[in-house]
């Protein structure tokens with residue numbers, strides 16, 4: 001069997017970062033050394049993806065690599081931070097070389113697409129799981145948080161909803177055509193980094209939709225001390241969702257399904273047009289789905305006992 | 001059952017960091033926001049500890065919390081970086097509240113002792129494992145790396161060796177008296193942060209001993225392009241090691257045992273006295289154990305096929 005060091009060296013020694021990457025010392029020592037840009041704050045987050053909980057263990061290896069990084073980058077997107085660096089921990093049952101090559105290719109491709117330098121990590125033995133720490137930069141006062149939504153703001157979402165839950169449902173039914181748009185949405189979500197950067201001076205609050213629209217909206221409302229009225233008929237459903245799941249389940253997936261990794265934002269109504277123009281330049285829709293109001297909780301939607309995804313006792317999407 | 005959010009809130013919402021902690025936004029949003037100090041580099045590392053691989057699943061919960069953070073902080077110590085912030089990922093089979101309370105108390109106590117602010121993390125379901133990302137600061141050019149050892153340098157280690165492997169052997173034999181010094185060394189190692197800070201302007205290279213002295217020495221020699229001659233009789237054996245394991249196994253634990261988390265440093269011979277004086281102020285020994293020479297590999301010790309700990313195919317200590 002290959003040793004831990006050989007496996008890491010073979011698949012996870014990236015090309016030396018360029019001079020703009022801010023990496024005076026990369027992979028291979030006890031720590032990496034990074035050079036944050038003067039005057040900026042560091043935005044940091046970690047997400048762990050566990051096989052059988054967050055993704056199917058038999059998903060394509062490159063999708064698992066992409067997805068593990070994407071869910072962490074999505075947190076940087078929600079803050080409006082620019083992605084700079086990441087660290088990766090892989091726990092593996094055994095060292096399947098071709099699996100590792102696929103995993104690494106998916107991970108590296110998204111690193112490159114998002115301008116993120118892989119600067120370290122570790123590899124351990126156990127149930128398949130991947131933890132990814134991301135570090136980005138944002139000027140003081142520019143980050144979007146969950147706590148700034150104000151009564152009267154418009155609520156809007158990027159892209160389309162329900163694709164994550166819809167893709168998972170298809171996968172569980174045995175669908176393996178990876179060109180199916182819903183499977184793509186589920187297995188290889190696109191972190192909305194460009195949207196976060198484009199909207200951070202317009203939005204009053206933001207969150208990424210990982211636990212489901214309703215659950216993540218509640219996080220924003222609680223942090224901001226406000227309520228919201230949703231217009232469910234306005235929800236942008238992912239392409240193919242109605243056809244694949246039927247009307248009711250599609251609507252439920254959009255409201256409560258996890259794993260969409262779109263951004264939910266609040267912003268003043270007069271900024272909506274400008275925000276939509278900016279995202280059009282990114283090829284991305286921004287759809288108003290309700291309004292922020294004083295009070296608490298969500299009205300306008302029959303919750304029907306549905307809640308977003310939580311580990312340990314939460315309902316499934 | 002408690003939800004993920006409740007569990008995190010109950011045990012891992014630390015006291016609001018003080019104004020000196022450099023945490024403009026702490027736990028509770030998509031990302032934490034940190035304020036790195038101007039002109040310093042960021043030293044970052046991640047380590048994952050898996051139950052049954054890196055620690056016994058039935059170890060005391062507070063020791064598991066302490067240890068998971070300690071092994072990551074040890075990497076900052078080896079660079080001579082000042083610890084500032086950490087992120088923690090816990091994967092748990094179920095949510096045992098009293099276990100979590102113990103785990104959190106061990107983790108928080110070491111955060112406090114090391115001046116490290118916990119700024120985020122996540123909790124997932126699966127085989128017990130803990131991933132900890134640490135972030136520290138160091139002035140450009142001040143970090144110790146593995147690559148600076150020069151022929152003629154003295155090799156020295158902090159503290160004592162073999163305690164990690166000795167403690168593990170005792171645990172496996174059923175010893176549960178946590179006041180036994182070897183069990184303490186194994187279950188609650190002390191990251192040598194103060195030693196790293198004290199010696200970073202004297203040492204030419206450094207590494208923390210996690211894989212075993214010989215294996216970690218080889219990392220330094222390879223990175224520096226040099227060889228070494230060890231004086232095995234000079235190795236400072238952990239207290240109680242000979243009595244517990246016998247002469248031969250004690251020596252082997254000191255040479256090849258993992259989990260000591262002492263620092264191995266190279267430094268010019270004329271700096272040794274000053275380095276020892278500085279560590280005496282920390283109550284810590286610094287023992288010369290050999291010299292760096294030109295060439296490659298290690299002489300002076302009968303390796304007897306022994307190598308340090310590696311996952312995936314490496315020999316056990």
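Restricting to the range A:4-138, what percent of DSSP beta bridges are antiparallel, rounded to 5?
70 percent
May I ask you to report, in nm to one decimal and beginning with the shortest, the distances from residue B:97 to the same position in the other copies, taking label points 7 Å along Cα-to-Cβ?
5.2
Counting helices only, and only those DSSP H runs with n ≥ 4, report the 222 nm mean residue ellipticity of the protein assembly as shown as the sum of -39,500 (n - 2.57) divided by its residues, in deg cm²/dmol to the nearest 500.
So the calculated ellipticity at 222 nm is -10000 deg cm²/dmol.
At a 10 angstrom cut-off on C-beta neighbours, averaged per residue, how do the peptides A:60-67, A:111-118 rank from highest to lowest?
Packing order, densest peptide first, comes out as A:60-67, A:111-118.
Specify the inter-centroid distance of the range B:175-216 and the range B:122-140, based on alpha-carbon positions, in whole Å.
With the range B:175-216 and the range B:122-140 each reduced to a Cα centre, they are spaced 19 Å.
Expressed as an acute angle from 0 to 90° and rounded to the nearest 10, what is the orientation of the C-alpha long axis of helix B:163-172 relative to the principal long axis of chain B?
60 degrees
On a 0 to 90° scale, report how tilted helix A:272-281 is relative to the longest principal axis of chain A, with both axes built from alpha carbons and the result rounded to the nearest 10.
Tilt relative to chain A: about 30 degrees.
Counting other C-beta atoms within 10 Å, which of B:132, A:44 has the fewest, and how do the rest follow?
The fewest-first ordering by Cβ neighbours comes to A:44, B:132.
Taking residue A:299 in one copy and the same position in all the others, each labelled 7 Å out along Cα→Cβ, what are the pairwise distances from the first, in nm, shortest first?
8.6
Compute the label zone of residue B:302 within the range B:197-241: residues whose backbone N is under 15 Å from the point 7 Å along Cα-to-Cβ.
B:232-233
Mind telling me which of A:36, A:191, A:19 comes out most flexible in a GNM of chain A, alpha-carbon contacts under 10 Å?
Fluctuation is largest for A:19.
Running a GNM on chain B with Cα contacts under 10 Å, which residue among B:200, B:239, B:146 ends up with the highest mean-square fluctuation?
Per the Cα network of chain B with a 10 Å cutoff, B:239 tops the list.
How far is residue B:233 from itself in the other copies, in nm, if each label sits 7 Å out from Cα along the Cα-Cβ line, shortest first?
9.2
Helix B:213-224 versus the longest principal axis of chain B: what angle, 0 to 90°, nearest 10, using Cα atoms?
80 degrees
Throughout, read-outs are computed from the coordinates displayed, never taken from laboratory work. Because the structure is a prediction, the values reported are computed rather than measured. As a convention, Cβ positions derive from the backbone with ideal geometry for all residues, glycine included, and neighbour counts pool all protein chains shown.
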